[in-house]
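Notes for the one structure printed next.
The values are calculated or read from the model by the stated rules, or taken from the named source; none is laboratory data. Just so you know, these numbers come straight off a predicted model, no measurement behind them. Cβ atoms come from the backbone with ideal geometry, glycine included; neighbour counts cover every protein chain shown.
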Number of protein chains: 2
Amino acid sequence: MNKKFWSSRIQSLVPYTPGEQPKDRVFIKLNTNENPYPPSPKVLQAIQEAAGDALRLYPDPEAQSLRGALAEYYGLTPEQIFCGNGSDEVLGLCFYALFSPGRTVVFPDITYSFYPVYTELFGLDYQQIPLNEDFSLPVEKLLGGNGGVVVCNPNAPTGQALPLAEIRRILEANREVPVLVDEAYAEFGAQSAVPLIEEFPNLVVVRTMSKDRSLAGMRVGYALGNAGLIAGINCVKNSFNSYPLDRLALAAGEAAIRDKEYFEETREKIMQTREKTTKALRELGFLVHDSSANFIFARHPEKSGKELQQGLRDRGILVRRFDKPERIQDHLRISIGTASDMEALCQVCAELVRD
Amino acid sequence: MNKKFWSSRIQSLVPYTPGEQPKDRVFIKLNTNENPYPPSPKVLQAIQEAAGDALRLYPDPEAQSLRGALAEYYGLTPEQIFCGNGSDEVLGLCFYALFSPGRTVVFPDITYSFYPVYTELFGLDYQQIPLNEDFSLPVEKLLGGNGGVVVCNPNAPTGQALPLAEIRRILEANREVPVLVDEAYAEFGAQSAVPLIEEFPNLVVVRTMSKDRSLAGMRVGYALGNAGLIAGINCVKNSFNSYPLDRLALAAGEAAIRDKEYFEETREKIMQTREKTTKALRELGFLVHDSSANFIFARHPEKSGKELQQGLRDRGILVRRFDKPERIQDHLRISIGTASDMEALCQVCAELVRD
């Protein structure tokens, strides 16, 4: 790899590796937490309406219509909302806009693995706080003396949620620094921190339409927070890329957030399937953590994670596994698919543990 | 503006201001260089085919199919191609990936005004080289002793193109640093630097589908260059946002680049309209620079640019004008619209100069 023309800043940079997106074979795909149900029919209709001659025109750089719809949904004002090209971009812009060089950002050692990639990319100091043995968050270690806090709630890949009272503790102890709560999965069972926005100007909540609105393919993410803080994210975005959301993503996102009924239906199905699958895997001897997300985190005491993952893959099912840290390498993160997807998963798991 | 929670890095940041995107009124819109013709019918068809249940799935993070189509079009390999969320994002990623703190980047004082915004955002040293009186580029001032060169060809907002021999001079004198050639407008009459990619591993060419493929609404931009250099841009992208292009942008971009016939037709119309409009405005006493882009740069010796711009706006026509540097504040940058758009423009201009 000839890095001769690479910036000095990125010579040692190790990027994030997303889950496999297979092209050659058809798999039951339970590895990147995509929603198993299609987007709302209203989304497809909105896209159709927007997909015409107007595509020659730039989209609204301020995503005003989408922000208006999100404001209505969340009971906020549009100034408290930022929209970006998927929550990965929104998170990246937040890290750049809100955290400062030399001011250590703290987050757990087991969490969304993109956070330390952003900090490395942007030359930010960070400290990874080890989760407790049971994967719960040692909240007492996040109470002050840092340059910012990032908490994923529910956490990835554990699926564990923090009660709102604990989020409040963190906010109260960190009033002088930004506290970012990543709620990518929160609609599946966590208490949202959004109601705390009025009270805590240092709070920013980041969400995405990739999981709960079946729009992973359209890249729509957003941040919710105090208007002054949101303006900082906007300042960075306007210094990098004026138009992060194309016309069709704006149309799709707005239609999705407005179709509350469809979302509640699909969410309900996913949560029920999650509970059934948790029970079924436990009956096979798996240790399955209670989950508030659209995936479950599980391991089998007698089988290595690597073996199970490969066995599933051989039989056409993809799940995610993380080699680091070592103590989770035998866990599988299994997205919640359709009921029949999960029946197939359980059947294969039954065979694999029988051997 | 409460900047309390803003990073120390962005406290003094002044973002880029894009051209007006009006919502309240219908204008003849000649201010952001959008293509006046709709995207190819094949683009709309491709979008329709892709806009279904599959939107729940993540797009290809590596944009392989689009890169394959671009590789065929340009006679390059896919490894020599990077795709991003519009060329603004691609440029931003290039600035981060290829330029280093403490190594001065050089570009003209009159050029795409986003370049100094990226350098400010990323804490890069830069030097703006004054263009000659006639807005030509003093190439001799770009020959070595810097940390990187950025040349917009044709230049914005002047529309002036550099001969390929001059690009070669710049490349030869700067072999140890990246040279970025922004060819956003090149398809409208400049000699492309793409044939120099094999010979110069420090060259990166950035292009967009916003102007020449009528896809400003879909955000598709790309970089072309040596594989090692492209890998650096990819490294930054993969550390920031794995999936910059959504499924529909990928489909639209590929269909657009494959419909060469449609592109050549619309381009021909735009170039002819440009020549006609240049002639017509000169007959009204305007000084119109020869242009190799899809806009023209013109001023009237007896009218201030501000007056003309306002007069046009009052009569329903939007054009762009830059207050800085001072020596171009009386110029108008007028996008090439349809033949009837430009007739309307000329009629209004005739009235305005008659007063």
Practice problem: Would you kindly identify the strands (runs of 3 or more DSSP E) lying entirely within region A:257-355 that contain at least 2 residues that are touching a Ser or Thr at 6+ places or on another chain (Cβ under 8 Å)? | Solution: A:295-299, A:332-335
Quiz prompt | Members of region B:202-240 found to be assigned to a loop (DSSP other than H, G, I, E, B), more than 7 Å from chain A (Cβ to nearest Cβ) and polar (S, T, N, Q), listed by number | solution = B:210, B:226
Exercise. Could you please find all residues in region A:132-157 being among the hydrophobic types (A, V, I, L, M, F, W, C), surrounded by 22 or more Cβ atoms within 10 Å (Cβ to Cβ) and in contact with a helix residue (DSSP H, G or I) (Cβ under 9 Å, 6 or more places away or on another chain)?
Key: A:137, A:142, A:149, A:150, A:151, A:152
Quiz prompt | Residue within region A:234-250 that is over 20 Å from residue B:87 (Cα atoms) and either of a type in the set (A, V, I, L, M, F, W, C) or modelled with pLDDT of 95 or more (or both) present | solution = no
Practice problem: Filter region B:12-22 down to residues that are in contact with a helix residue (DSSP H, G or I) (Cβ under 8 Å, 6 or more places away or on another chain) and closer than 17 Å to residue B:316 by Cα, then give me how many there are. | Solution: 0
Self-check item: The listed residue being in contact with a helix residue (DSSP H, G or I) (Cβ under 9 Å, 6 or more places away or on another chain) and surrounded by fewer than 23 Cβ atoms within 10 Å (Cβ to Cβ), out of B:256, B:223, B:251, B:231
Solution: B:231
Practice problem: Scan (1) free of Cβ contacts under 8 Å to residues at least 40 places away in the same chain; (2) among the basic types (Lys, Arg); (3) within 25 Å of residue A:335 (Cα to Cα) for the single condition residue A:175 breaks and write down its number. | Solution: (3)
Quiz prompt | Selection status of residue B:67, basic (Lys, Arg), under 23 Å from the mean Cα position of the chain (by Cα) and either buried (at least 20 other Cβ atoms within 10 Å of the Cβ) or under 27 Å from residue A:252 (Cα atoms) (or both) | solution = yes
Self-check item: Tally of residues being among the charged types (D, E, K, R) and either in contact with a Gly (Cβ under 8 Å, 6 or more places away or on another chain) or closer than 26 Å to residue A:18 by Cβ (or both) across region B:232-274
Solution: 4
Exercise. Please tell me if residue B:160 is out of contact with any helix residue (DSSP H, G or I) (no Cβ under 9 Å at 6 or more places or on another chain), surrounded by fewer than 24 Cβ atoms within 10 Å (Cβ to Cβ) and either more than 14 Å from chain A (Cβ to nearest Cβ) or assigned to a strand (DSSP E or B) (or both).
Key: yes
Quiz item: Quick one: would you say residue A:14 is in contact (Cβ under 8 Å) with a residue 40 or more places away in the chain, farther than 30 Å from residue A:187 by Cα and more than 7 Å from every other protein chain (Cβ to nearest Cβ)?
Solution: yes
Practice problem: Check whether at least one residue in region A:28-45 is without any contact (Cβ under 8 Å) to a residue 40 or more places away in the chain and not β-branched (Val, Ile, Thr), and report yes or no. | Solution: yes
Quiz item: Is it the case that some residue within region B:241-251 is farther than 28 Å from residue A:210 by Cβ, within 10 Å of chain A (Cβ to nearest Cβ) and either assigned to a strand (DSSP E or B) or not aromatic (Phe, Trp, Tyr) (or both)?
Solution: no
Exercise. Tell me, please, whether a residue that is under 14 Å from residue B:247 (Cα atoms) and either modelled with pLDDT of 95 or more or facing chain A (nearest Cβ under 10 Å) (or both) can be found in region B:32-43.
Key: yes
Quiz prompt | Residue list for region B:93-105, restricted to those being in contact with a helix residue (DSSP H, G or I) (Cβ under 6 Å, 6 or more places away or on another chain) and surrounded by fewer than 24 Cβ atoms within 10 Å (Cβ to Cβ) | solution = B:100
Exercise. Select from region B:113-134 the residues that are in contact (Cβ under 8 Å) with a residue 60 or more places away in the chain, in a loop (DSSP other than H, G, I, E, B) and of a type outside the set (S, T, N, Q) and list them in ascending order.
Key: B:114, B:123
Self-check item: Which numbered condition residue A:77 fails, given (1) under 30 Å from residue A:197 (Cα atoms); (2) among the hydroxyl-bearing types (Ser, Thr, Tyr); (3) crowded, with 24+ Cβ neighbours inside 10 Å
Solution: (3)
Quiz item: When both residues are 6+ apart or on different chains and their Cβ atoms are under 7 Å apart, which pairs have a first residue that lies in region B:91-104 and is more than 8 Å from chain A (Cβ to nearest Cβ), and a second that is of a type in the set (Ser, Thr, Tyr)?
Solution: B:91/B:118; B:95/B:118; B:95/B:119; B:104/B:126
